[in-house]
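Student: Structure incoming, see below.
Every number in this text was worked out from the coordinates using simple rules, so none of it is lab data. Quick caveat: nothing in here was measured; it's all calculated off a predicted structure. Don't worry about glycine lacking a Cβ; one is built from the backbone with ideal geometry, like all the others, and counts go over all protein chains shown.
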Amino acid sequence: MQKIFPDTLGFRLPLMVSLVLASLIAIYGYHGTNEETDRALTRAKNQAQTLADNIATASQLLMLDDISKLKEFIASNTAHPDISEIQIYNVKGKLLVNSPSTAIKQDITGKSRSVIVNKKNNIVIWEPVKRKGLIGWIKLDYNIGKLTGVNDAFWKLDVFDSFIIIFVVALACMVALRKPLNAIQTITEFISSMDKHKGMKVSLDFKYAELRELSNALKQMSERLYTQDKTIKSTMFELEMQTYALDQHCIVTISNIDGEIVYSNDKFCDISGYTQEELMDNDHKLVNSGYHSKEFFKDMWETIRKGRVWRGEIRNRRKNGSFYWVDTTIVPVVDKAGNILRYVSIRTDISNRKTYEDQLSRLAEFPEKSPNLIVSADIERGLIYTNPAMKRYMNELTNMGEFPDRLLPENFKEIVSECINDKKVRSNYEVTIAGHSWSWSFSPLAEQDIVHGFGTDITDRQNFERELRKKNDDLEILRDNLEVNVKERTFELEKVNNDLIRADRAKYEFLATVSHELRTPLTSIKSFSEILKDDLETIELETQRKYLSIIDKESDRLERLISDILDLQKMDESEAIWRDKDINAIDEVQSAVESFYGAYKDKGVGLRTQWDVNEVIIKIDPDKFKQVIINLLSNALKFTNEGEVVVGVNVENVVDIVDRGDGGNIQVWVKDTGIGIQQDSTNKIFERFIQLDSTSTRKYGGSGLGLSISKDIIEHYNGSIFVKSEPGRGTTFFVNLPQHDYEADKRREAG
Amino acid sequence: MTPTLLIGEDEPHLEEILCYVAKKLGLKYSVARDGEAVLEKARELVPDLLLLDLYMPKMNGIDVCRALKSDPETSNIYIIMVTASAKKVDEDDARLAGTNEFITKPFSPTQLQKRLNEIISEIK
């Protein structure tokens with residue numbers, strides 16, 4: 001439609017005007033024709049009514065009984081050219097008269113009197129027939145076909161004229177409207193072009209494009225205005241709220257260019273402890289704490305006087321003298337010309353923050369100042385923080401040509417990833433490098449994949465421990481040594497103790513033996529003396545002599561025993577007197593043997609000597625030398641019951657245990673065929689006070705001191721005495737003596 | 001009946017002294033010079049008294065004493081142990097072996113004679 005009929009006002013308006021004009025013409029024409037028709041219709045109606053009345057009257061008269069008369073009457077009336085149909089019904093609905101007979105029978109139930117005009121063709125009238133009540137109905141159909149024919153004629157005449165008029169008028173309108181409409185369009189385009197960039201789409205469905213454009217533009221404008229208005233309002237509101245919030249949150253003061261307070265909010269009063277009145281027209285110096293330098297405030301004033309915003313943290317003093325910290329922003333309010341009008345100070349109480357900051361800064365100083373090694377690490381990057389101590393040691397290592405990594409435990413990376421994975425603390429990783437020992441511990445940081453490592457210098461501790469360990473080791477060694485020493489000493493002491501015990505026991509045995517040996521001759525002496533004294537008269541002279549002889553012998557025995565004991569004592573205490581001189585050893589041995597011939601003969605034991613030389617000179621105390629030989633002969637006699645004892649002297653082929661050199665050896669030996677000595681006892685027999693078997697020794701008498709004394713004498717001359725024995729076969733005692741070195745004597749004398 | 005005495009002594013001089021004392025007391029006495037001989041003679045003779053030297057060859061006085069005291073035949077022999085020993089242990093051993101008396105050398109023959117006389121009286 002729009003394509004066929006342009007929707008511009010220039011086209012539509014003329015069209016509308018033409019249409020309206022045409023309509024007016026049509027309505028006027030129609031209206032005039034209708035009035036004619038209505039009048040004709042009213043006339044026809046009246047005629048039909050009248051006819052119906054007439055027929056009703058006739059029917060009333062005829063009581064509807066005389067149908068033939070009725071038909072007749074109707075026949076005469078239906079001759080009227082406009083009557084098309086007459087029907088008469090009795091009250092029961094029976095069609096009495098039907099003209100023409102082709103007319104359709106109607107149902108009369110509930111019928112009322114009516115006149116129905118069917119505009120195009122006919123008028124239908126129903127007329128009741130009454131005579132003392134309803135007796136029947138008359139239907140009359142009146143034809144009005146002529147009336148409509150008048151209207152049709154009119155239309156044919158009028159439409160053609162109207163079209164011509166419309167066309168002319170429309171054309172005139174279009175010509176007349178063209179200029180103003182173009183102007184409107186231009187303006188509209190201009191307005192809308194102003195906001196095109198906003199892309200605002202307006203879809204007001206005006207029929208006219210100009211108006212639509214215009215309205216769109218206007219709408220856009222109004223919307224823009226609305227939005228701006230809203231923005232301004234909300235900005236205003238927000239500003240109000242912000243100002244309120246600012247007032248609630250911040251400490252706000254406004255001062256004039258001289259710094260005098262012209263406005264302060266309640267917060268300022270609250271924090272400073274001053275009232276509004278006290279603050280008003282006063283200077284901010286009122287709250288100066290004296291903490292900041294003059295330069296600090298000088299800088300502040302210089303900044304704000306230049307119209308720049310100054311920001312800083314200031315410590316202020318309350319009225320009561322206590323301090324508080326504020327984060328201060330001072331904004332100079334400047335007019336267009338650049339003149340400063342006011343200074344607005346906005347402050348926030350940061351006292352708590354300052355406290356925390358102090359604490360934090362102290363905390364933050366910890367790793368920075370710590371002499372311990374502190375590192376942070378994660379899996380991806382490895383080390384992400386090293387404290388100065390760590391850096392220092394790492395540098396030292398680098399300078400030494402070492403890898404700085406060696407400050408950390410070898411498996412540092414694994415430790416870090418394990419720590420991060422299981423969030424567990426690990427400790428006691430020891431690292432020793434460049435003379436320092438470190439003990440590392442690692443702790444994961446909760447919620448972060450970072451591990452902190454702490455390395456403590458344990459060098460001193462380790463040194464201390466090492467020293468301690470060393471000392472401990474030393475102590476252990478000492479203890480071990482001590483133990484060994486103690487053991488050795490104990491062993492020695494035990495040995496000494498055993499020796500002492502043995503010596504003590506030997507001494508006891510010796511004393512008992514001495515006692516026994518002393519008592520035995522003493523008993524004889526005492527007994528025979530007593531007998532002689534008491535019974536001298538009754539005893540024969542011969543017996544008396546015998547008894548006296550016994551007393552004499554036993555006295556000798558006693559004397560010898562005492563002498564032995566004294567000798568031993570002297571040698572023990574080095575008090576023996578040695579009267580050395582050159583003697584012929586053969587002579588001395590011979591002399592000793594001779595002194596024993598009697599004793600041997602008495603016991604029936606043989607005694608002989610055996611040597612090849614007649615003279616063997618040795619330098620020795622002759623009495624001591626002889627004592628040794630006598631001891632050996634006495635000993636041999638004691639333990640030999642049969643056989644013989646042979647005494648020999650060798651100068652060559654000396655059998656010795658120790659070769660003493662120094663001019664060779666002289667050997668004297670005494671060989672018996674006695675009971676012999678067990679091999680393990682051959683050394684024991686020379687020990688002092690020791691006797692092999694007390695009981696058996698008693699049997700053979702003697703003090704048991706002879707061998708011991710002999711050994712002492714021989715050893716005095718650097719000789720040796722030893723024994724070879726076969727139990728049951730016999731014993732041989734050997735005495736080896738070094739031959740005196742006369743050449744040495746001569747040299748000494750010459751020297 | 002004359003009391004009998006056995007003398008067990010290896011030292012000839014002491015034996016002579018003891019014999020002298022026995023003679024003076026008018027005892028019937030016998031002599032043995034080693035332990036075994038003493039034991040043999042004591043069993044054979046069963047004397048009233050036995051003067052027994054503690055240290056004797058072959059068998060010491062204590063063993064002889066113990067043997068005699070443990071034998072009912074000889075347990076009634078009055079045994080006097082005579083010794084030159086000064087050791088207490090010897091006396092203790094002798095007492096344990098059952099010796100009746102213990103005489104230490106040197107002794108006085110007169111005193112011994114007196115004591116033997118007393119014993120003989122007691123036995124009788």
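Student: Order these peptides, B:2-12, A:476-486, by their mean beta-carbon neighbour count within 10 angstrom, highest first.
Tutor: Ranking the peptides B:2-12, A:476-486 by packing returns B:2-12, A:476-486.
Student: Pick from B:ALA37, B:ALA84, B:ALA22 the residue whose mean-square fluctuation is largest in a GNM of chain B, springs joining Cα atoms under 10 Å.
Tutor: Comparing B:ALA37, B:ALA84, B:ALA22 in the GNM, the peak value goes to B:ALA84.
Student: Against the longest principal axis of chain A, how steep is helix A:67-77, in degrees 0 to 90 to the nearest 10, with axes from Cα atoms?
Tutor: 80 degrees
Student: Which entries in A:LYS601/B:LYS28; B:LYS23/B:LYS105; A:LYS603/B:LYS28; A:LYS233/A:LYS336; B:LYS23/B:LYS124; A:LYS570/A:LYS746 show an alpha-carbon gap greater than 27 Å?
Tutor: A:LYS601/B:LYS28; A:LYS603/B:LYS28; A:LYS570/A:LYS746
Student: What does the charge count near A:ARG353 come to, summing +1 for each Lys or Arg and -1 for each Asp or Glu among other residues with Cβ under 12 Å from its Cβ?
Tutor: Residues close to A:ARG353 contribute a combined charge of -4.
Student: Same structure, new question: Among the listed pairs A:LYS526/B:LYS24; A:LYS533/A:LYS626; A:LYS581/A:LYS711; A:LYS319/A:LYS369, which have their C-alpha atoms separated by more than 28 angstrom in this model?
Tutor: A:LYS533/A:LYS626; A:LYS319/A:LYS369
Student: Then there is this: Using each residue's phi in segment A:348-360, evaluate 6.51 cos²θ - 1.76 cosθ + 1.60 at θ = phi - 60° and report the 3J(HN,Hα) Karplus result to the nearest Hz, with x for Gly and Pro.
Tutor: 10, 6, 10, 4, 4, 4, 4, 4, 4, 4, 4, 4, 4
Student: On to the next question. Against the longest alpha carbon principal axis of chain A, how many degrees, from 0 to 90 and to the nearest 10, is the axis of helix A:706-716 turned?
Tutor: The angle comes out near 80 degrees.
Student: May I pose another question? What FRET efficiency comes out for the pair A:TYR28/A:LYS132, r = Cβ-Cβ distance, R0 = 60 Å, nearest 0.05?
Tutor: FRET efficiency, A:TYR28 to A:LYS132: 0.65.
Student: Let me ask another. Using only Cα atoms and rounding to the nearest 10 degrees, what angle (0 to 90) does helix A:412-422 make with the longest principal axis of chain A?
Tutor: 60 degrees
Student: Let me ask something else. Residues with amide H under 5 Å of A:LEU607's amide H, sequence separation 5 or more or different chain, H placed in the peptide plane at 1.01 Å from N; which?
Tutor: Under 5 Å from the amide H of A:LEU607: A:VAL645.
Student: I would also like to ask the following. How much length, in nm to one decimal, is gained on full extension between A:ASP283 and A:SER427, taken as 0.36 nm per residue of separation minus their Cα-Cα distance?
Tutor: Extra length from A:ASP283 to A:SER427 when fully extended: 45.8 nm.
Student: DSSP loop (so not H, G, I, E, B), at most 15 other Cβ within 10 Å: list which chymotrypsin sites (Phe, Trp or Tyr not before Pro) in segment A:281-320 pass both filters.
Tutor: Details: sites: A:TYR291, A:PHE296, A:PHE297, A:TRP301, A:TRP310; in loops: A:TYR291.
Counting only loop positions with at most 15 other Cβ atoms within 10 Å, the chymotrypsin sites (Phe, Trp or Tyr not before Pro) in segment A:281-320 are A:TYR291.
Student: OK, next. Averaged across B:81-90, how many Cβ atoms of other chains sit within 10 Å of each residue's Cβ atom? Display every interim value, and only then the final one.
Tutor: Numbers: counts 0, 1, 3, 12, 7, 8, 8, 1, 1, 2.
Partner-chain Cβ atoms within 10 Å, mean over residues of B:81-90: 4.
Student: OK, next. Just want the answer: with Cβ charges of +1 for Lys and Arg and -1 for Asp and Glu, which residue in B:LEU49, A:ILE55, A:VAL616 is farthest toward the dipole's positive end in the protein assembly as shown?
Tutor: About the Cα centre, the residue reaching furthest to the positive side is A:ILE55.
Student: Taking neighbour Cβ counts within 10 Å as the exposure measure, how do A:THR231, B:THR99, A:THR456, A:THR102 sort from fewest upward?
Tutor: A:THR102, A:THR231, A:THR456, B:THR99
Student: Please give me the summed charge of the neighbours of A:THR42: other residues whose Cβ is under 12 Å from its Cβ, Lys and Arg +1, Asp and Glu -1. Mind dumping the intermediate values first?
Tutor: Numbers: positive: A:ARG39, A:ARG43, A:LYS45; negative: A:GLU35, A:GLU36, A:ASP38.
Local net charge: 0.
Student: Next up: Using a Förster distance of 45 angstrom, determine the FRET efficiency expected from the C-beta separation of A:ARG502 and A:ASP580, and round it to 0.05.
Tutor: So, using R0 = 45 Å, E works out to roughly 0.85.
Student: Follow-up. Could you go through segment A:124-139 in sequence order and give the Karplus-derived ³J(HN,Hα) for each residue, using 6.51 cos²θ - 1.76 cosθ + 1.60 with θ = phi - 60°, rounded to whole Hz, and x for Gly and Pro?
Tutor: These are the phi-based 3J(HN,Hα) values: 10, 10, 10, 10, x, 10, 10, 7, 6, x, 5, 10, x, 10, 10, 10 Hz.
Student: For a quick protection proxy, order the peptides A:720-731, A:609-620, B:50-61 by their average other-Cβ count within 10 Å, most packed first.
Tutor: B:50-61, A:720-731, A:609-620
Student: If each of A:ILE340 and A:ARG479 carries a label point 7 Å out from its Cα toward its Cβ, how far apart are those two points in nm?
Tutor: 8.5 nm
Student: Net charge near B:ARG43: determine it from the other residues with C-beta under 12 Å of the C-beta of B:ARG43, scoring Lys and Arg +1 and Asp and Glu -1.
Tutor: Summing Lys/Arg as +1 and Asp/Glu as -1 gives -4.
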